[in-house]
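K.L.:
I have a structure here, written as structure tokens, and I will follow up with some questions on it.
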Amino acid sequence: MNYMDRYAFWCSADLPEAVLAELEEIKNNEEEMKGRFSSDLQFGTAGMRGIMGIGSNRLNVYTVRRAAQGMAAWLSGTPLPKRAAIGYDSRHHSEDFANVCAVAFAEAGIKTYLFDRLAPTPMLSFAVRELGCGCGIVISASHNAGEYNGVKCYGPDGCQMTDAPAAIVTETIANIPYFVPEEKSFTEFMQEGLIEYIGQELWEKYYTTVLNEAVAPDLIQKSGLNIVYTPLCGTGNEPVREVLGRLGVGITVVDCQEKPDGDFKTCEYPNPETDAALNESYKVAATVPCDVILGTDPDCDRVAIAVPTENGYVKISGNELGCLLLDYILKARSEKGNIPAGAITVRSLVSSPLADRIAEHYGVEMKAVLTGFKYIGGEILALEEAGEEHRFIFGFEESCGYLKGTYARDKDAVVASMLVCELAAYCRLQGKSILDAMNELYATYGYYLAHVTSVELTGADAMEKAAKIMADLRSNTPEAIGDYSITKINDYGTRNSKNLQTGETLPICLPKSNVLELILGDKGSVIARPSGTEPKVKFYYTAVASDKATAAQQISAMRKQIEG
């Protein structure tokens with residue numbers, strides 16, 4: 001079926017007048033029709049994400065319903081508990097999409113627990129585990145622009161769905177017809193008890209659990225810490241302020257980004273990774289006492305910070321914050337003598353290897369896993385199944401995602417915000433800033449500079465373009481990048497690691513993934529990977545040198561050669 005056939009099929013369906021009117025508006029716009037109907041919106045291990053609107057390649061009540069029906073059919077065919085939890089963020093239609101999913105589960109006889117208000121993604125992960133669910137869903141597009149939304153899917157361990165069940169759901173969705181009417185209304189299923197709102201008790205359990213992950217919370221009140229906080233119009237406003245407030249943090253909230261706003265008018269791209277995400281916070285911080293600026297993304301699973309200096313504000317990168325928190329936690333536990341035997345920390349493959357040096361210093365193992373917090377969650381699950389989850393210390397991704405504790409299996413900006421405040425208080429009491437602490441790490445271990453470039457691709461064949469970029473890099477791998485020879489090639493697609501100095505090839509003991517890593521001895525690396533949710537290819541550069549200027553020159557030379 002081509003895009004014209006799909007368009008005609010939708011136009012012929014018994015749909016509401018408003019939907020048919022939207023279809024009528026685009027009938028003479030071929031590009032718009034191609035964009036909306038070139039394919040069905042794809043479901044993957046991260047669930048489904050896309051631009052909202054009418055069409056088979058858009059997120060709407062019809063595509064969301066099919067995805068939820070596919071999830072329900074998969075769960076019904078497993079021995080897992082026939083219970084599901086659903087949460088949603090502040091984006092347009094998020095609550096409506098959550099209700100659609102709840103009805104689809106209820107139709108399959110699955111008891112469904114639905115948050116009664118905006119809730120962070122990590123709280124959904126917690127709820128799945130706490131309520132003994134077989135799966136969970138969060139309606140969110142994470143940090144994407146306001147035109148996007150998504151269906152993020154979780155397994156029984158509270159971790160994002162893995163490849164095998166996702167493949168079953170994908171196959172099931174393909175055989176589910178569009179526009180099948182709901183058997184009963186949301187209200188009727190609520191009255192029957194198949195859909196139930198999640199009460200305040202779970203929120204309190206979550207707060208207690210997060211607070212129990214504190215390392216030295218007494219430092220906060222001793223220091224008189226003050227922060228400026230922005231939830232970027234998302235779900236963090238309530239839980240982050242609640243947890244930090246209980247610890248005595250002085251909080252000034254960025255007014256224009258406090259309330260939910262699906263348009264994100266004061267921050268069009270609400271991604272804490274970007275410098276612009278904290279622009280409004282800088283304005284506020286200039287008028288109040290502020291030791292650190294803290295911002296969480298719309299579904300509150302990522303956090304970014306900036307610190308005031310004499311010359312303005314310096315944003316700490318996701319890599320740097322991960323290393324700072326890792327060092328803070330390990331130092332504190334080392335001083336208390338409570339680092340467990342066989343302690344494990346975990347980072348994503350594309351995150352800074354500086355973390356490896358820090359972990360090694362404290363005698364702790366650092367594991368590198370594929371990109372996606374589900375792989376960090378998988379390491380926790382393996383420990384849990386062995387009765388050794390206490391060995392897990394900390395996990396992080398360079399994209400501003402962090403987790404301490406095993407209560408959830410996704411990154412959690414609430415617990416990370418608490419740890420940031422502890423770190424800031426610790427530094428304040430020592431008469432230094434977080435930036436000073438980062439510079440101390442560089443002085444100890446060497447200067448690790450990281451840079452990420454996203455090559456954005458457009459058009460109906462955008463994903464094919466991404467595949468070609470990866471194929472070309474594999475078939476035309478250079479011998480050197482910048483001033484340094486490539487000493488090893490790790491191809492996670494073939495799961496082979498080739499040492500170019502010895503000629504030896506060894507297997508890579510990680511799941512197959514379309515990732516290529518080019519290692520430049522001890523001078524750095526370049527990693528290429530296509531995004532799993534968006535039409536782009538990301539290049540991750542790391543340069544290691546004795547100082548920032550030299551590392552920056554290395555990054556520049558790498559980018560010039562790779563990106564042209």
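The values are calculated or read from the model by the stated rules, or taken from the named source; none is laboratory data. Keep in mind it's a predicted model, so treat the numbers as computed, not measured. For neighbour counting, all protein chains shown are included, and Cβ atoms are generated from backbone atoms with ideal geometry for every residue, glycine included. These area figures cover heavy atoms from the full protein model, side chains too; ligands, DNA and RNA do not enter into them. Shrake-Rupley method; radii C 1.70, N 1.55, O 1.52, S 1.80 Å.
Residues checked against (1) in contact with a Lys or Arg (Cβ under 8 Å, 6 or more places away or on another chain); (2) within 27 Å of G405 (Cβ to Cβ); (3) open to solvent by 10 Å² or more (accessible area, probe 1.4 Å):
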residue	(1), (2), (3)
I86	no, yes, no
D96	no, no, yes
A106	yes, no, no
G109	yes, no, yes
A127	no, yes, no
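K.L.:
Looking at segment 325-358, which of its residues are within 22 Å of I527 (Cβ to Cβ) and among the polar types (S, T, N, Q)?
P.N.:
Residues satisfying the conditions are T345, S348, S351, S352.
K.L.:
Here's something else I'd like to know. Go through (1) within 24 Å of the chain's Cα centre (by Cα); (2) small (G, A, S); (3) not in a strand (DSSP E or B) one by one and return the number of the condition G109 breaks.
P.N.:
(1) is the only condition that G109 fails.
K.L.:
If you don't mind, there's one more thing I want to ask. Quick check, is G44 within 26 Å of the chain's Cα centre (by Cα), within 24 Å of G372 (Cα to Cα) and crowded, with 18+ Cβ neighbours inside 10 Å?
P.N.:
When the stated conditions are applied, G44 does not pass them.
K.L.:
Another question about this same structure. What number of residues in segment 519-564 are hydroxyl-bearing (S, T, Y), out of contact with any Ser or Thr (no Cβ under 6 Å at 6 or more places or on another chain) and either buried (at least 16 other Cβ atoms within 10 Å of the Cβ) or farther than 25 Å from A443 by Cα (or both)?
P.N.:
The total comes to 4.
K.L.:
Another one. Out of (1) of a type outside the set (G, A, S); (2) under 20 Å from T162 (Cβ atoms); (3) over 21 Å from the mean Cα position of the chain (by Cα), the odd one out for L15 is which?
P.N.:
Of everything listed in (1) of a type outside the set (G, A, S); (2) under 20 Å from T162 (Cβ atoms); (3) over 21 Å from the mean Cα position of the chain (by Cα), L15 misses just condition (2).
K.L.:
Output the residues belonging to segment 159-182 that are among the small types (G, A, S), farther than 20 Å from K512 by Cα and buried (at least 19 other Cβ atoms within 10 Å of the Cβ).
P.N.:
Correct list: empty.
K.L.:
Moving on to the next point. Sort through T309, T371, T296, T345 and tell me the only one that's open to solvent by 40 Å² or more (accessible area, probe 1.4 Å) and touching a strand residue (DSSP E or B) at 6+ places or on another chain (Cβ under 7 Å).
P.N.:
Result: T371 is the single residue among T309, T371, T296, T345 that is open to solvent by 40 Å² or more (accessible area, probe 1.4 Å) and touching a strand residue (DSSP E or B) at 6+ places or on another chain (Cβ under 7 Å).
K.L.:
Across segment 448-477, what is the number of residues that are open to solvent by less than 80 Å² (accessible area, probe 1.4 Å) and over 26 Å from the mean Cα position of the chain (by Cα)?
P.N.:
5
K.L.:
One residue is enough: does segment 191-202 have a residue meeting the conditions closer than 16 Å to A413 by Cβ and surrounded by 16 or more Cβ atoms within 10 Å (Cβ to Cβ)?
P.N.:
no
K.L.:
Tally up the residues in segment 361-376 that are assigned to a helix (DSSP H, G or I) and aliphatic (A, V, I, L, M), please. Before the answer, list the steps.
P.N.:
Let us first name the residues in segment 361-376 that are assigned to a helix (DSSP H, G or I), namely 361, 373-376.
If we keep only those that are aliphatic (A, V, I, L, M) too, we end up with 376.
Selection size over segment 361-376: 1.
K.L.:
So, restricting to strands (runs of 3 or more DSSP E) that lie completely within segment 127-240, which ones have at least 1 residues that are among the aromatic types (F, W, Y)?
P.N.:
Here the list reads 148-154, 195-198, 226-230.
K.L.:
For segment 348-368, give me the residue count where each residue is open to solvent by 30 Å² or more (accessible area, probe 1.4 Å) and within 13 Å of G395 (Cβ to Cβ). First the steps, then the outcome.
P.N.:
Initially, segment 348-368 is screened for residues open to solvent by 30 Å² or more (accessible area, probe 1.4 Å), giving 353, 356-357, 360-363, 365-368.
In the following step, the residues that additionally are within 13 Å of G395 (Cβ to Cβ) were identified as 365-368.
Final tally of qualifying residues: 4.
K.L.:
Still on this structure, I have one more. I need the full set of residues from segment 20-41 which are of a type in the set (A, V, I, L, M), in a helix (DSSP H, G or I) and open to solvent by less than 20 Å² (accessible area, probe 1.4 Å), in order please.
P.N.:
Passing the criteria: L23, M33.
K.L.:
Only one of A437, A443, A425 is crowded, with 22+ Cβ neighbours inside 10 Å and among the small types (G, A, S); which? Step through it out loud before you land on a result.
P.N.:
Working: A437 fails: crowded, with 22+ Cβ neighbours inside 10 Å; A443 fails: crowded, with 22+ Cβ neighbours inside 10 Å.
Only one candidate passes the filter, namely A425.
K.L.:
Let me ask another. Identify, please: which residue in segment 495-508 is touching a residue at least 12 places away in the same chain (Cβ under 8 Å) and under 29 Å from the mean Cα position of the chain (by Cα) and is, among those, surrounded by the fewest Cβ atoms within 10 Å (Cβ to Cβ)?
P.N.:
It comes out as P507.
K.L.:
State whether the residues of segment 307-323 include one that is hydrophobic (A, V, I, L, M, F, W, C) and touching a Pro at 6+ places or on another chain (Cβ under 6 Å). So that I can check it myself, show each step before the final result.
P.N.:
Restricting attention to segment 307-323, the residues satisfying the condition of being hydrophobic (A, V, I, L, M, F, W, C) are 307, 314, 316, 321, 323.
Now restrict to residues that are touching a Pro at 6+ places or on another chain (Cβ under 6 Å): none.
There is no residue in segment 307-323 that is hydrophobic (A, V, I, L, M, F, W, C) and touching a Pro at 6+ places or on another chain (Cβ under 6 Å).
K.L.:
Just to verify a result, which residue in segment 274-293, among those that are more than 15 Å from L321 (Cα to Cα) and polar (S, T, N, Q), is most open to solvent (accessible area, probe 1.4 Å)?
P.N.:
Applying the filter and picking the extreme gives T287.
K.L.:
Could you run through segment 47-62 and say how many residues are open to solvent by less than 20 Å² (accessible area, probe 1.4 Å) and either of a type in the set (D, E) or part of a loop (DSSP other than H, G, I, E, B) (or both)?
P.N.:
Qualifying residue count, segment 47-62: 5.
K.L.:
Here is a further query. Could you go through segment 75-84 and let me know if any residue there is of a type outside the set (A, V, I, L, M), surrounded by fewer than 24 Cβ atoms within 10 Å (Cβ to Cβ), within 23 Å of the chain's Cα centre (by Cα) and modelled with pLDDT of 95 or more.
P.N.:
Checked against the condition, which is being of a type outside the set (A, V, I, L, M), surrounded by fewer than 24 Cβ atoms within 10 Å (Cβ to Cβ), within 23 Å of the chain's Cα centre (by Cα) and modelled with pLDDT of 95 or more, segment 75-84 yields no hits at all.
K.L.:
Among (1) out of contact with any helix residue (DSSP H, G or I) (no Cβ under 9 Å at 6 or more places or on another chain); (2) farther than 30 Å from Y328 by Cβ, there is one condition E204 misses while meeting the rest; what is its number?
P.N.:
Answer for E204: the failing condition is (2).
K.L.:
Quick one: which strands (runs of 3 or more DSSP E) lie wholly within segment 242-360 and hold at least 1 residues that are among the charged types (D, E, K, R)?
P.N.:
Details: elements: 250-253, 292-296, 303-309, 312-316, 344-348.
Result: 312-316, 344-348.
K.L.:
One residue is enough: does segment 227-239 have a residue meeting the conditions crowded, with 17+ Cβ neighbours inside 10 Å, touching a Cys at 6+ places or on another chain (Cβ under 7 Å) and of a type in the set (S, T, N, Q)?
P.N.:
Looking through segment 227-239, at least one residue is crowded, with 17+ Cβ neighbours inside 10 Å, touching a Cys at 6+ places or on another chain (Cβ under 7 Å) and of a type in the set (S, T, N, Q).
K.L.:
As an exercise: evaluate F264 against (1) more than 20 Å from the chain's Cα centre (by Cα); (2) open to solvent by less than 10 Å² (accessible area, probe 1.4 Å) and give the number of the one condition it does not meet.
P.N.:
For F264, the exception is condition (1).
K.L.:
What number goes with the only condition from (1) out of contact with any Asp or Glu (no Cβ under 6 Å at 6 or more places or on another chain); (2) not in a loop (DSSP other than H, G, I, E, B) that L510 does not pass?
P.N.:
(2)
K.L.:
If the requirement is being in a helix (DSSP H, G or I), farther than 22 Å from K331 by Cβ, in contact (Cβ under 8 Å) with a residue 12 or more places away in the chain and touching a strand residue (DSSP E or B) at 6+ places or on another chain (Cβ under 7 Å), which of these qualifies: E384, E379?
P.N.:
Details: E384 fails: touching a strand residue (DSSP E or B) at 6+ places or on another chain (Cβ under 7 Å).
Going through E384, E379 in turn, the sole match is E379.
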